[in-house]
Amino acid sequence: MTDSPFLIDVYDKGFNWGGRITDPVSITGSVRHNALSNFSFRLHAGDPMIEDMMRKGARVTMQYRGAGLMSGMVRTKGGDLLPNGDLVCQVQGDWRLLPNTTALVAPIHPVAPTTLDANAPSGWAQTTLPGGSADAGPDGTTQGQYGYYLWPDGSAAAGGVLVESAESAIKNLVGVNFARLGRPVTIAPDLLRGGDARAAGVLPSVRMARLDEALESLLIWSGLGVRLMQAARGATVELDVYEPSEWQAPLTVGSGIVEAGSWSLNPPSATRAVVGGPGEIADRAFWTVADAALEAEYGDIIEVFRDATGAGLNWPDALADAYRVAKYYLLRPEVSVADKTRFSDYLTAAAIAGIDEGAPTSSVQATLSESETFYFGGENGVQLGDVVTIKSGDELGAESFTDIVTEAKFSLTSDSFTVEPILGAKTDDPTRALANAVARLAASQRRITTSR
């Protein structure tokens, strides 16, 4: 019988400890970087923890090599109708709280307006008034209102809160949306990691997206990881970010660590973007951004077009309709500098997103085995998101490829225990490829729906 390397505690929906699973039939599943982790637990019919696992809202924490591995809620349960059948429980990691939360435009406002008062937040509902009451139009109108989340800029209107770093942005957006739902989540202190997202112009335009989708571009740009985990015997789930590190020594086939894999080099499919903003035909605003360094590196120019029609243009009341032309918005002296900045930032972000979609890739997918010096988890092992370099051969001059640890698969049975760290994306898995394609299609449809 293989001893379990895990410490598995079970809790009720109120985070009250119920006991520990010590003799599972099997455990299979994986933890993933910036994605949902899943585990399947098979328990004997007589396991004393079955009653606790069957409770509605039951939770599980897993520790491995002395460190937290995953925590989450028991989502589905099944078993045999005949006596003495095993119980199978599927546990989803606490990352699930992100896709299960909508990133509202104005999380502290009601979803639907409760008044016609143009100066009252309860009248704006899911818009904001960046310029304050001075920009408000007549009661019952949307004059001066903005249809995207306003990242706090340190002003009095923002309560003195300033969002600049990627970590600050992540914790701010998650915090305000979790707070409105009363989620039992503690946000760890902000250490300002991940770079100045405001200065780089990569704070995303957020409008009713799933939280994980709203943060995706920011996570890619910053390289940060987001972890949601309940500590053993903890009373809440803690959300924090982590900075992946680099595994110094390259891994080779000769070391016995690299069991299988493949690599690919792909040049960019976009080096600059033309963005189509609001307006129709002659009135339409266009914007362009080019990655000059990328074009110089490859000696190539690849232009793509992206729609970005969701920006709300805040026109001054005194300006006649004939002069409210979108393409001249940035040139009108009557428009405030703050409104112009918001508009240009919106268009720039759309352009950068278009270029990023076609960024060059040097990818490697590899199945790794553990050794005394290379293993997953614990305090000293390789972690999710860590950068690892693999050499395609052991000879001098062999090609080197660098990617991140995206997943770690675990399998515990009565006969064996295995850990399989995965580097890069599993391109040879048709099920994963189909799931990713469906996810991208669903995300695209949600963006179209919520940008209206």
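Can you list the equivalent-ellipsoid semi-axes of region 6-93, largest first and in whole Å, using the square root of 5 times each Cα gyration tensor eigenvalue?
20, 14, 13
With runs of 4+ DSSP H residues as the only contributors, calculate the mean residue ellipticity of the chain at 222 nm using -39,500 (n - 2.57) per run, divided by the residue total and rounded to the nearest 500.
Working: 8 runs with 90 residues, N = 452.
Rounded to the nearest 500, it is -6000 deg cm²/dmol.
Give the whole-number value, in cubic angstrom per residue, of the convex hull volume spanned by the C-alpha atoms of region 263-387.
Value for region 263-387: 177 Å³ per residue.
Charges at C-beta only: +1 for Lys and Arg, -1 for Asp and Glu. How large is the resulting dipole of the chain about its Cα centre, in Debye rounded to 20? Don't jump to the answer; show the numbers that get you there.
Numbers: 36 positive and 54 negative charges, 302 e Å.
Computed charge dipole of the chain: roughly 1440 debye.
Based on Cα coordinates alone, diagonalise the gyration tensor for region 16-60, multiply each eigenvalue by 5, take square roots, and list the semi-axes in whole Å, largest first.
Ellipsoid semi-axes (Å, largest first): 21, 14, 8.
Which distance in nm do the two modelled labels at SER400 and ASN266 give, with both placed 7 Å along the Cα-to-Cβ direction?
For the pair SER400/ASN266, the computed spacing is 2.4 nm.
With a 10 Å Cβ neighbour count serving as the proxy for reagent exposure, in which order, fewest first, do GLU213, GLU420, GLU280, GLU259 appear?
Numbers: GLU213 19, GLU420 16, GLU280 8, GLU259 11.
Exposure proxy ranking, most exposed first: GLU280, GLU259, GLU420, GLU213.
Could you order peptides 265-277, 79-91 by the average number of other Cβ atoms within 10 Å of their residues, highest first?
In descending order of packing, they fall as 265-277, 79-91.
Return SER165, SER40 ranked ascending by Cβ neighbour count within 10 Å, so the fewest neighbours appear first.
SER40, SER165
With all pairs of different alpha carbon atoms counted, what Kirkwood hydrodynamic radius in Å does the chain show?
When all Cα pairs of the chain are included, the Kirkwood radius is 24.8 Å.
Can you put ARG59, ARG306 in order of Cβ neighbours within 10 angstrom, beginning with the fewest?
ARG306, ARG59
How many percent of DSSP beta bridges within the chain run antiparallel, rounded to 5?
So the antiparallel bridges in the chain amount to around 90 percent.
For the chain, what's the relative contact order in percent, using C-alpha pairs closer than 8 Å and at least 6 residues apart?
15 percent
Would you grab the residues whose amide H sits under 5 Å from the one on VAL25? Only those 5+ places off in sequence or on another chain, please, with H modelled 1.01 Å from N.
The list, which skips near neighbours in sequence, is ARG42, LEU43, HIS44.
Once label points are set 7 Å from the Cα along Cα→Cβ at both ILE302 and LEU36, what is their separation, rounded to one decimal in nm?
3.1 nm
Taking amide hydrogens as modeled 1.01 Å from N in the peptide plane, which residues meet the under 5 Å criterion relative to ILE422, leaving out close sequence neighbours?
THR406, GLU407, ALA408, LYS409
Would you kindly derive the ³J(HN,Hα) couplings of region 112-129 from the backbone phi angles with the Karplus curve 6.51 cos²θ - 1.76 cosθ + 1.60 (θ = phi - 60°), listing them in order in whole Hz, with x for Gly and Pro?
Rounded to whole hertz, the list is 10, x, 10, 7, 8, 4, 5, 9, 9, x, 5, x, 6, 6, 8, 9, 10, 10.
If I model a spin label as a point 7 Å beyond the Cα along the Cα-Cβ vector, how far apart are those points for ARG193 and ASP139 in nm?
5.1 nm
Every read-out reported here was derived from the displayed coordinates using simple, explicitly stated rules and does not represent laboratory data. Note that the coordinates shown come from a computational prediction; the quantities given were computed from them, not determined experimentally. Backbone-built Cβ (ideal geometry, glycine too); neighbour counts: all protein chains shown.
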